[in-house]
1. With charges only on Cβ, +1 for K and R and -1 for D and E, what is the dipole size of the stretch 151-268 about its Cα centre, in debye, rounded to 20?
2. At a 10 angstrom cut-off on C-beta neighbours, averaged per residue, how do the peptides 310-317, 176-183, 267-274, 19-26 rank from highest to lowest?
3. List Ile173, Ile5 from most exposed to least, where exposure is judged by having the fewest other Cβ atoms within 10 Å.
4. Within a Cβ distance under 14 Å of Lys26, other residues only, what is the Lys/Arg minus Asp/Glu net charge?
5. Report which label in (1) 24, 48, 25, 4; (2) 23, 52, 25, 1; (3) 30, 58, 12, 0 holds the value of P(r) over Cα pairs in 20 Å bins from 0, in percent derived from the coordinates of this structure.
6. Normalised by the number of residues in the stretch 13-76, what is the relative contact order in percent for Cα pairs under 8 Å and 6+ residues apart?
7. Between Tyr237 and Asp261, take the C-beta separation as r, use R0 = 45 Å, and let me know the FRET efficiency to the nearest 0.05.
8. Between Arg179 and Ala60, how many nm apart are label points set 7 Å from Cα along the C-beta direction?
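Every number here is computed from the coordinates shown, using simple stated rules; none is lab data. From a predicted model like this one, the values you see are computed outputs, not experimental measurements. Glycine also receives a Cβ, built like all others from the backbone with ideal geometry; neighbour counts cover every protein chain displayed.
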Amino acid sequence: MRRWIMHVDMDAFYASVEQRDHPEYKGRPVIVGGLSLRGVVATASYEARRYGVHSAMSMAKARELCPEGIFLRPRFYHYRAISEQIHRIMERYSPYIEPLSLDEAFLDVTGAGAQFASPYAMARQFKDDVLAATGLVVSVGVAPNKFLAKLASDIRKPDGLVIVPHGKEAAMIAPLPVRRLWGVGKRTAQALEKAGFHTIGDIAALKDERPLLSICGSMGRRMYEMAQGIDHRPVEYNREIQSVGNEETYETDLVDEARIDLEWRYFAHYVAERLRRKRLRGHTVAIKVRYANFSTVTRQTRLDHATDSENVLYRVSRMLYNRLNNTMPVRLLGVTVSGLEKAVVQPSLFEEDRAEEKLATTLDELTKKYGTEVVMKGALWQRSVACRKDGKLDERDDTF
């Protein structure tokens, strides 16, 4: 049976969601990311990309290139909810799914011929299903392997649909520039071009990988195989999450202890909420602290029992931070929980624990229905007010 891999990639996901939710943004440059002077672009709409704006660019540079742009903070909880909706659609097509991020995934669709007339018909139906359910456009590539599927989904963005047939792998990619090879960045591409390799076909024409080793080192062998359309990697559908955490960098360095305490409460709340949503608990709690001089320290401890408790995460994070005896301004803080295991529902023997579990469940349900800022605890409200005064840099969703 022929192997078929489908790669799906939501087009400018965060920005597209904002344009969907706000029709007045359609056709206009939308830039999502940290809005302060230290901010970074998370996603730019295709209208904004025409101005040269791209992800990972500093927000200051984006404002310079696109002064008429619509600049928005990311709504990660909202994007995650939509991502889960799209994931449920993926499950109709294959149980073998490898998520890469909120907006991107591989599916092993080998054997889908029993349901669809062709790979094209399958990809077309998937795109239609996503559009009908979410109002969003997805680009899809279907090919014999992961490298080619990802390449195919990117060729005709936005709203792309490209099929790479078996037997035509090398011929289809031969005219493409070498930078299209997976893992080839700007410097490597320049080195390859300087050596006379301008297209993927130039590399595929070599007798073996030896000329590439002096340019790319050990990566030369893999590059030679990719140039011929070869990629044996499987879809890692059973890959487990290793950690759940959040970290933030601040527009204004934190010096006030009460303000820092609000941050630990914030991280404890949202990391615990994410653990519960994924039905996970963790044994190891780690904190990350970066000072104004850019020096960074991490501390961690392993708990006797795995937890998804906000109170436990707050107490442990606070304890680890107190041990640092810090006297310097703080630029970044973060909390990560690892050593994960599936949560087992087991009623607590203690009234205090039962009350916390009930409150957490109620708040989770309200947040899922109404959003993150409609109902919140007092400390989180205080923190929200403080952030509006300070201006946050960036909010990173660090789930591995």
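1. Computed charge dipole of the stretch 151-268: roughly 1040 debye.
2. 267-274, 310-317, 176-183, 19-26
3. Ile173, Ile5
4. -3
5. (2)
6. This gives 34 percent for the stretch 13-76.
7. Given R0 = 45 Å and the Cβ-Cβ separation, E is 0.60.
8. 2.5 nm
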